[in-house]
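Undergrad: This structure is in structure tokens; I'll ask about it shortly.
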Amino acid sequence: MPRKGMRTIFFRPSPSGSPARPAAPIRGDPFADTLMAERIASAEPLIGKWAVDSSSGPESSQSPSTSGYAGAAHLFHEGRHEAKLYLSRVKDLHSAMLLCIGEYSNSRLIVRAHELLQTAVRRLSQEFHRILSSQLPYLDHPESVSIPSSQISTRSSFSDFEYESEDELSAKQFAAEPGMQEDERIPNAVVSDLKAIADCLIACGHGKECMDIYKIVRRLVVDEELYHLGFEKLIGPSQMQKMDWEVQEVKIKSWLSAVKPAVQRLFSGERILCDQVFAASPTSLRESVFSNIAQDAAVALFGFAEGAAKAIKKSPERIFRLLDLYEAIASLWPDIESTFSSDATSAVRSLAINSLIKLGEAVRLTLGNFEAAVQKDSAKQSAISSGGIHPLTRDVVKYLARLADYSGVLADILADWPVDSSPEHPRFPDSYCADCDSAASVAAGYGDASAMFTHFAWLVLVLLCKIDGKAEQYKDVALSYLFLANNLRYVIDRVDRSNLRHLLGEHWVKKHESKVKLYASNYERTGWSKVFSSQADLTVEISSGQAKESLRKFNAALEEGRAKQVGWAVPDPKLRDEIASSLAQKLVPAYRRLYDGCPRGDPVVRFTPDDLDDYLAGMLRATGGGSESSSTASSRSSSHWPSLLRRVKGGRREKSRAGDV
């Protein structure tokens, strides 16, 4: 009869609970009987010493024992020497049983050996359960369970405990672990204990029971640790859809804080531990054990992300949580692929990929909704009276700047979603992309840089088109140009100070800066045309009377322009200085010629050329994004030109006196 068949007969308990006794052999083998008797005599005292009650399972680590000793201590607490000796005796007993099973063996000795072996299996199962439960509850770092590769064997017997006599074991007792106290154990020693027990149980035909214990204990550990990390397995997509956004966001934040340690420490640590404890078993068996432990928890973990992609409302402000979820999984993909690399855990990899797909789709849909919201922004909203920054400009640019912080994630999401190939998006105007960075890529329609430039440049263009539409609300053409200059300057400034600059490129910035200058020039041309026309021709000699008449016209035009532009604002100091400098270069030299051509003390001479220069430098400082309050703007609107100049002159005189001192 094959050995396996005999093992089934002698190692399977009978239905009545008492060992089955085979019929007596025809005659005994003296050598086999002697070997079996010696092995029983050697193993029985130690196995009996550590015997546990047959009614207690592996989970009863403090059960009463037949010896009265095991309830007071644990085998692997009493020192490595005795634990090694115990496993060695069990191993010797088992090998003798395999040798003696046959038609010439003594059935009485075989049965006694089987009884001792079952007692040993109960003790080892209990120790295995206890160590897994209490000494290795959570693997903070996968490195803590690493052991030298030389200690990992593929032998089916005890890889850590060789065939050694009691004297040899005594000689090799670990001097560094005299009492093997709990606080002296290091993780590697614990893993070595587990591996030795597992090897012993598997070799004795109890591999299934060993692995069942391992799977039950470690599955509970994984679930408990996920809970401690803040992840709740029971939350499904349908439950998330019923939650308010505030509750959803709390759950997402908890998931984001849990997913990295779960993948990099918990699941990875469990994979390493499983591989080391069952190093002597086939790879497929180890993968099956790990799958049983981790797969359900991992599926729940990544299923949450997939459910969130479906449950989160696709409103623009919520896109950042979708991006956070996508970024977390994408950054962990190498770890996911490595830890769940087997066919047994392929469902985890598939779910992680599917979660990325669903999250990417949700991000693209939300971006589409954002663009639609900008497009639908009501043009009937009242215009900004100062010509300052429109709230739409602030909100959109702030949103895009924050999106640019996710450029790495968005490059992956938007790579296969080019704007110019979508039927609802017309192509960019050729002039818009001309000379811009990535323009060639945009035209070709490929590459991550192309996709990123295309989408962000398109969204900015949508905004600028809306701003152009809002500029048409102004009745005064000069104010409309000032509004366009202010808003485009604001866009460029935010682009320049954020990651948008890297996405849109230097050429884009320079191109739009030239547009700001054009808008500012048009403001000067339309807003100061009467003042320019009131000036005398510098190339023609004029009399004192002509100078006085020209000066009178200049004063009237300047007062009219001042009254019209009260409350207008340029919030950006650089742009405001550029406009003031440009106007001063055009007005002050001509005014100085008129000033010099009039007698001093003449009533028509109301201020000096320096006063005019100061006035131009101080204008366009009202509300609308500037630093002045509405009350200041109101006081300016009711003030008169002479009183303003008197304040300026007074300030200049004080500065002059201070300089003299």
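Undergrad: Looking at the range 594-647 only, could you name the residues that are assigned to a loop (DSSP other than H, G, I, E, B) and modelled with pLDDT of 80 or more?
TA: Pro603, Val604, Val605, Arg606, Phe607, Thr608, Met619, Leu620
Undergrad: Further, regarding this structure: Given the conditions (1) over 20 Å from Trp245 (Cβ atoms); (2) aliphatic (A, V, I, L, M); (3) in contact (Cβ under 8 Å) with a residue 40 or more places away in the chain; (4) not assigned by TED's automatic domain parsing to the domain that holds Leu256, and given that Ala362 satisfies all but one, which numbered condition is not satisfied?
TA: All conditions pass for Ala362, except number (1).
Undergrad: Listed residues Leu266, Leu322; which is under 25 Å from Asp395 (Cβ atoms) and either assigned by TED's automatic domain parsing to the domain that holds Glu232 or modelled with pLDDT of 95 or more (or both)?
TA: On inspection, the qualifying residue turns out to be Leu322.
Undergrad: Shifting gears a bit: Can you tell which of Arg552, Arg593, Arg576 is without any contact (Cβ under 8 Å) to a residue 60 or more places away in the chain and closer than 30 Å to Leu403 by Cβ?
TA: Answer to the selection: Arg576.
Undergrad: For Ser254, work out the one condition from (1) within 27 Å of Ala189 (Cβ to Cβ); (2) surrounded by 16 or more Cβ atoms within 10 Å (Cβ to Cβ); (3) not aliphatic (A, V, I, L, M) it doesn't fulfil.
TA: The number of the failed condition is (1).
Undergrad: Ala189 versus (1) surrounded by fewer than 22 Cβ atoms within 10 Å (Cβ to Cβ); (2) aliphatic (A, V, I, L, M); (3) in the same structural domain as Leu301 (by TED's automatic domain parsing): which is the lone unmet condition?
TA: Condition (3) is where Ala189 drops out.
Undergrad: Can you go through Glu224, Glu232, Glu246, Glu306 and tell me which one is touching a helix residue (DSSP H, G or I) at 6+ places or on another chain (Cβ under 7 Å) and acidic (Asp, Glu)?
TA: Going through Glu224, Glu232, Glu246, Glu306 in turn, just one is touching a helix residue (DSSP H, G or I) at 6+ places or on another chain (Cβ under 7 Å) and acidic (Asp, Glu): Glu306.
Undergrad: Can I ask one more? Would you check which residues across the range 334-348 are in a helix (DSSP H, G or I) and surrounded by 15 or more Cβ atoms within 10 Å (Cβ to Cβ) and list them?
TA: Asp335, Ile336, Thr339, Ala344, Thr345, Ala347, Val348, listed by residue number.
Undergrad: If you check Leu551, Leu575, Leu558, Leu484, which single one turns out to be hydrophobic (A, V, I, L, M, F, W, C) and over 27 Å from Pro589 (Cα atoms)?
TA: Leu484
Undergrad: Let me ask something else about it. Can you tell me which condition Gln585 does not meet? The list is (1) exposed (fewer than 15 other Cβ atoms within 10 Å of the Cβ); (2) under 30 Å from Ser514 (Cα atoms); (3) out of contact with any helix residue (DSSP H, G or I) (no Cβ under 8 Å at 6 or more places or on another chain); (4) at pLDDT below 85, and all the others hold.
TA: Answer for Gln585: the failing condition is (4).
Undergrad: Next up: So for the range 292-311 (the condition being within 20 Å of Leu229 (Cα to Cα), free of Cβ contacts under 8 Å to residues at least 40 places away in the same chain and in a helix (DSSP H, G or I)), does at least one residue qualify?
TA: No - not one qualifying residue is present in the range 292-311.
Undergrad: Counting only residues that are buried (at least 19 other Cβ atoms within 10 Å of the Cβ) and among the β-branched types (Val, Ile, Thr), which one in the range 349-379 is nearest to Ile413 (Cα to Cα)?
TA: Val363
Undergrad: Something else about it: Any residue that is assigned to a helix (DSSP H, G or I) and either within 22 Å of Glu327 (Cβ to Cβ) or touching a strand residue (DSSP E or B) at 6+ places or on another chain (Cβ under 9 Å) (or both) - is there at least one of those in the range 212-224?
TA: No; the residues of the range 212-224 include none that is assigned to a helix (DSSP H, G or I) and either within 22 Å of Glu327 (Cβ to Cβ) or touching a strand residue (DSSP E or B) at 6+ places or on another chain (Cβ under 9 Å) (or both).
Undergrad: Is it the case that some residue within the range 457-471 is closer than 23 Å to Asp395 by Cβ, modelled with pLDDT under 90, among the aliphatic types (A, V, I, L, M) and not in a loop (DSSP other than H, G, I, E, B)?
TA: no
Undergrad: So which residues in the range 243-290 are farther than 22 Å from Ser346 by Cβ, more than 25 Å from the chain's Cα centre (by Cα) and not in a helix (DSSP H, G or I)?
TA: Ala279, Ala280 - these are the residues of the range 243-290 that are farther than 22 Å from Ser346 by Cβ, more than 25 Å from the chain's Cα centre (by Cα) and not in a helix (DSSP H, G or I).
Undergrad: Select from the range 105-129 the residues that are over 23 Å from Trp50 (Cβ atoms) and out of contact with any helix residue (DSSP H, G or I) (no Cβ under 7 Å at 6 or more places or on another chain) and write down the one among them that is modelled with the highest pLDDT.
TA: Arg108
Undergrad: OK, next. Among the numbered criteria (1) more than 60 Å from the chain's Cα centre (by Cα); (2) loosely packed, with under 14 Cβ neighbours inside 10 Å, which one does Ser550 miss?
TA: All conditions are met except number (2).
A quick yes/no check of all residues on (1) under 20 Å from His390 (Cα atoms); (2) assigned by TED's automatic domain parsing to the domain that holds Arg606; (3) touching a strand residue (DSSP E or B) at 6+ places or on another chain (Cβ under 9 Å); (4) surrounded by 15 or more Cβ atoms within 10 Å (Cβ to Cβ):
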position: Asp476; (1), (2), (3), (4): yes, no, no, yes
position: Tyr481; (1), (2), (3), (4): yes, no, no, yes
position: Arg494; (1), (2), (3), (4): yes, no, no, yes
position: Gly505; (1), (2), (3), (4): no, no, no, yes
position: Lys515; (1), (2), (3), (4): yes, no, no, yes
position: Ile542; (1), (2), (3), (4): no, yes, no, yes
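The values are calculated or read from the model by the stated rules, or taken from the named source; none is laboratory data. The structure presented is a predicted model; accordingly, all values stated were derived computationally and were not measured. With ideal geometry, Cβ positions are generated from the backbone for all residues, glycine too; neighbour counts draw on all protein chains shown.
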